[in-house]
Amino acid sequence: MSIGLFDSGIGGLTVMKQIIREFPNKSIVYFGDTLRVPYGNKSEQIVKKFSIQISKFLLKQDIEMLIIACNTATSYALKSLAEILPIPVIGVINPGAMAAKNITKNKKIGVIGTKGTINSKAYEKSLKALDNSIEVFQKACPLFVPLVEENLINDEITFLVTKKYLEEFKSFGIDTLILGCTHYPIIKNVISKVLGENVNIIDSAIETAKVAKSILKNTNDNKKFYKFFVTDYTEYFLEFTSKILNLDINNIDIQKVSLED
Ligand code: DGL
């Protein structure tokens, strides 16, 4: 049996990387909805529909746990998926909020994410439920996902966009920033450079993997495999998967599937 993960594109691979770290002997099935990326500017109803379609597909792959490796899908669909699926379902929001609450000293926490995640106020609710005196400063950063998906990670333009989005956080005096989108850890260095090293950066991927570890045993799987499903195949997906997960590009099993029919 394997662990299933999904995201709109390559962002969830940051979560997969941490899952591999926690479960080195487990099989993993990853689904990237590359045809329909981005999710961040789509409606709740549509993101929920896509999330249910993908989860049903992954269930047929015999997964024993589902990790929603996407903040937008977690914001909109975690509750429904947890109700529908007969296996444990974990999202990326509560683990990130918990880590931020544990690390902040001045209780001023910034959250960046897609428009969907920020508008849903999922992080704010989660943080306030943990400690009502926490001040939350939120900002949608919709250009980050296309910059990452377009492989402009080390480009000057990413630095300029980051400065434009995050400069205001300096005046808020936050001591902690949650990367509320699984694409953002890919540009974590740029974000850190703009905010300075005094701000703690919370990567929900790391925290989510720890939560998964507390629920699932790291059983030995003699025939461990990694399988990737996408709704649109590109060389970039293959190259990025190889790079981030440190896998031999010739041994990556990616299948293109259609969920519409
Ligand atoms: N990586 C996803 C997230 O964490 C989705 C980004 C998008 O597709 O807009 O929200």
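Do we have residue 115 as among the basic types (Lys, Arg), farther than 22 Å from residue 41 by Cβ and out of contact with any helix residue (DSSP H, G or I) (no Cβ under 8 Å at 6 or more places or on another chain) here? In short, no.
Restrict the check to region 63-74 and report whether at least one residue is in a helix (DSSP H, G or I) and either without any contact (Cβ under 8 Å) to a residue 40 or more places away in the chain or surrounded by fewer than 22 Cβ atoms within 10 Å (Cβ to Cβ) (or both). No.
Yes/no matrix, rows are residues, columns are (1) closer than 18 Å to residue 93 by Cβ; (2) polar (S, T, N, Q):
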| position | (1), (2) |
| --- | --- |
| 2 | no, yes |
| 8 | yes, yes |
| 12 | yes, no |
| 27 | no, yes |
| 31 | no, no |
| 35 | no, no |
| 39 | yes, no |
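Counting only helices (runs of 4 or more DSSP H) that sit completely within region 135-202, those holding 2 or more residues that are in contact with a Phe, Trp or Tyr (Cβ under 7 Å, 6 or more places away or on another chain) correspond to 156-172, 188-195.
This table checks each residue for (1) more than 16 Å from the ligand (Cβ to nearest atom); (2) crowded, with 20+ Cβ neighbours inside 10 Å; (3) among the acidic types (Asp, Glu).
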site	(1), (2), (3)
124	no, no, yes
128	yes, no, no
139	no, no, no
143	no, no, no
149	no, yes, yes
152	no, no, no
157	yes, no, no
168	yes, no, yes
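Considering only region 176-185, I want to know if a residue exists there that is more than 16 Å from the ligand (Cβ to nearest atom) and surrounded by 22 or more Cβ atoms within 10 Å (Cβ to Cβ). There is at least one residue in region 176-185 that is more than 16 Å from the ligand (Cβ to nearest atom) and surrounded by 22 or more Cβ atoms within 10 Å (Cβ to Cβ). Only a single criterion out of (1) closer than 25 Å to residue 217 by Cα; (2) within 12 Å of the ligand (Cβ to nearest atom) is not satisfied by residue 33, namely (1). Selection of region 108-122 for residues being buried (at least 16 other Cβ atoms within 10 Å of the Cβ) and away from the ligand (no atom under 14 Å from the Cβ) yields 108, 109, 110. Within region 82-94, the set of residues being in a helix (DSSP H, G or I) and surrounded by fewer than 24 Cβ atoms within 10 Å (Cβ to Cβ) comprises 82, 83, 84, 94.
Among the residues of region 79-92, just one is within 16 Å of the ligand (Cβ to nearest atom) and out of contact with any strand residue (DSSP E or B) (no Cβ under 6 Å at 6 or more places or on another chain), namely 92.
Of the residues making up region 4-28, those that are among the hydrophobic types (A, V, I, L, M, F, W, C) and surrounded by 24 or more Cβ atoms within 10 Å (Cβ to Cβ) are 5, 6, 10, 13, 15, 16, 19. If you go through region 234-261 and pick out every residue that is surrounded by fewer than 16 Cβ atoms within 10 Å (Cβ to Cβ) and of a type in the set (Phe, Trp, Tyr), you end up with 1. Return yes when residue 201 is within 13 Å of the ligand (Cβ to nearest atom) and at pLDDT 90 or above and no when it is not. Against the criterion (within 13 Å of the ligand (Cβ to nearest atom) and at pLDDT 90 or above), residue 201 does not qualify.
Inside region 46-65, can you point out the residues that are within 16 Å of the ligand (Cβ to nearest atom) and of a type outside the set (Lys, Arg)? Those that are within 16 Å of the ligand (Cβ to nearest atom) and of a type outside the set (Lys, Arg): 46, 47, 50, 51, 53, 54, 55. Any residue in region 217-227 that is over 14 Å from residue 5 (Cα atoms), at pLDDT 95 or above, under 20 Å from the mean Cα position of the chain (by Cα) and away from the ligand (no atom under 13 Å from the Cβ)? No, the conditions are met nowhere in region 217-227.
The values are calculated or read from the model by the stated rules, or taken from the named source; none is laboratory data. Bear in mind the structure is a predicted one, so any value in this text is a computation, not a measurement. Glycine gets a Cβ as well: all are built from the backbone with ideal geometry, and neighbour counts include every protein chain shown.
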